[in-house]
Amino acid sequence: MIGILAAEGPNGNFIPSDINELYWGSVAFGIIFLMFLWKGVPAISKAMKGRTVRIEEELAAAAAQKASAENELATLSGQLGDADAEAAKIIADAREQATKLEADLLARSEADVADSKERSRIEIQAQRDQALADLRAAVAEQARVAADAVVRQNLDDESTQSALIDDYISQLAG
Amino acid sequence: MSDTIDGYAEALLAVVRAEGASGADDEILRFAQALEGNDELRNTLSDPYVPAEKRQQIVEDLLQGKASHVARAAVSLVVGAGRAGELPAIARALVAKGAAASGKEVAEVRSAVALSDDQKTRLAASLKSATGKDVEIKVTLDPSVLGGVITTIGDTVIDGSVRSRLAQVKSHLG
């Protein structure tokens, strides 16, 4: 390969035919190389370091974000767990309330029924008492009228009047 | 007993004794009892706007032929003096004083029919037996008694009337 390259040179050699060109080329190369070492390498090194630092910072930031995200995830997971527990508690409370409400409604319904029965019983009893009282009053009035008539009829007899007075006198003496 | 009633009773008793009208006190008492039971008559004879002469004329008309002149004069005197309202008390005081003079108390007897002399005697004996007091019977006919007798001695009432028994029966009936 080298032989091919050399053979392609203007003088057919590997080294250029003009030595000055080689010299100044080497000097220029050396200068450029030194300049590269003097300015380029530190700059590259600095750039590399800066890039490294930036990457490290970005990695650290990413790690921090990851940690934050993980914390957030943990928090959310915790909250989710709390929410589940809260939801379970709400459901349990709701069931308890529903059960209690059902029991209350049942008890109230039974009380209403009992109260209604008692009111009906009292009303029926009052109507029965009133009917009995009315009947009793009617019978008593008839009895009073009859007694009055019988007594007055008997008192028309003079001997009855005299006997009543004699009874009164006897009882006083008695 | 007020001094006024006592004074009138004393005065009338003196008149009755002076005139020797032993039954006049009974007649005065019967009129007084009739006055008690008749609101219209009592109001008329007590009305100060009715002239005294008019009131006395009413008394004369009512007692004419039914009472002695001593009784008519006594009642007329009381009514004319504007004391018709006090006449029952005066009459009772009169008979009480008359009875007390002979060591007796007055027993006012209300009956639907007249008592025979025998019944009066036995009643007086029975009342003495029951109360321990000698009594003078003053009988008043009162149809509202219906039958039997109601006796009043002072503040004591002994009710053996059919009216009260009938009232008791009516009360029991209802």
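The values are calculated or read from the model by the stated rules, or taken from the named source; none is laboratory data. Remember, predicted model here, so these are calculated numbers, not experimental data. Glycine gets a Cβ as well: all are built from the backbone with ideal geometry, and neighbour counts include every protein chain shown. SASA here: full protein model, heavy atoms, side chains in, ligands and nucleic acids out. Shrake-Rupley method; radii C 1.70, N 1.55, O 1.52, S 1.80 Å.
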If we scan the range B:65-78, do we find a residue that is outside any helix (DSSP H, G or I), on the phi < 0 side of the Ramachandran plot, out of contact with any Ser or Thr (no Cβ under 8 Å at 6 or more places or on another chain) and surrounded by fewer than 22 Cβ atoms within 10 Å (Cβ to Cβ)? yes
With respect to residue A:104, determine if the residue is acidic (Asp, Glu) and either closer than 30 Å to residue B:158 by Cβ or within 14 Å of chain B (Cβ to nearest Cβ) (or both). no
From the list A:109, A:116, which residue is more than 31 Å from the chain's Cα centre (by Cα) and either farther than 30 Å from residue B:173 by Cα or open to solvent by less than 60 Å² (accessible area, probe 1.4 Å) (or both)? A:116
May I ask you to verify whether residue B:89 is in a helix (DSSP H, G or I) and without any contact (Cβ under 8 Å) to a residue 40 or more places away in the chain? no
Every listed condition ((1) more than 11 Å from every other protein chain (Cβ to nearest Cβ); (2) modelled with pLDDT of 90 or more; (3) not in a strand (DSSP E or B)) holds for residue B:144 save (2)
Go through the residues of the range B:108-130 one by one and say whether even a single one is away from every other protein chain (no Cβ under 11 Å) and open to solvent by less than 50 Å² (accessible area, probe 1.4 Å). yes
Restricting attention to the range B:131-174, report how many residues are under 18 Å from residue B:92 (Cβ atoms), among the acidic types (Asp, Glu) and surrounded by fewer than 17 Cβ atoms within 10 Å (Cβ to Cβ). 2
